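Below: the structure, in structure tokens.
Only the coordinates and a few stated rules stand behind these numbers; no lab work does. All values reported here derive from a predicted model rather than from experimental measurement. No Cβ is skipped: glycine too gets one built from the backbone with ideal geometry, and neighbour counts run over all protein chains shown.
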Amino acid sequence: MDDNNKPESPVKPKPKNPKLGEIDCDLCGRVSSVKQNAKNYFYVGCPSCGVDMRKGALLQTRLYKETQWLAGVTPNLPPNLITDQPEKPAVTQEPAGGNPKQEPKQEPKEDQKQEPKQGSNYQGLFGLACSVCAAILFIR
């Protein structure tokens, strides 16, 4: 027990994440520290603006590429880091019969294309006007 007659807490305080590098703050431009949390996301601690813990892929990628890392520091890659190389599409297994046939998109024939109806704009405007009038009468 300590001096205040309270039992000591069995929970240990979390260790502070070490500073891994520096980057200019997005908002004020001051030099800010870059740290990494337990899930490998980077975050910025600015002395003026506070802590920015956004996890978006674009921000995480920018922090990884633009941070001036301290000597000897090799940060872990965030899980959503955008790489310069495009990802390969997922390979699906072909059916036993060979390549599946892909039907090309068929555009409607010239006589099947639908032309906008003449006067439909006026009908819509008339319907809107009636709705507005009904709403005004309903409110009174």
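For the pair Lys55 and Cys133 in one chain, pulling the backbone fully straight at 0.36 nm per residue adds 23.1 nm over the alpha carbon distance.
Which pairs break 20 Å Cα to Cα here: Lys14/Lys35; Lys14/Lys65; Lys16/Lys65?
Beyond 20 Å between Cα atoms: Lys14/Lys65; Lys16/Lys65.
Sort 44-55, 66-77 by the packing proxy (mean of other Cβ within 10 Å over each peptide's residues), most packed first. Walk me through the numbers before you get to the answer.
Values: 44-55: 14.3, 66-77: 11.8.
Ranking, from highest mean packing down: 44-55, 66-77.
Protection proxy ranking of 23-30, 125-132, by the mean of other Cβ atoms within 10 Å over each peptide's residues and highest first, is 23-30, 125-132. Protection proxy ranking for 133-139, 57-63, 31-37, using the average of other Cβ atoms within 10 Å per residue and placing the highest first: 31-37, 57-63, 133-139. Rounded to whole numbers, the Karplus 3J(HN,Hα) couplings from phi for the range 12-18 are 7, x, 5, x, 6, 6, x Hz, using 6.51 cos²θ - 1.76 cosθ + 1.60 with θ = phi - 60°, and x at Gly and Pro.
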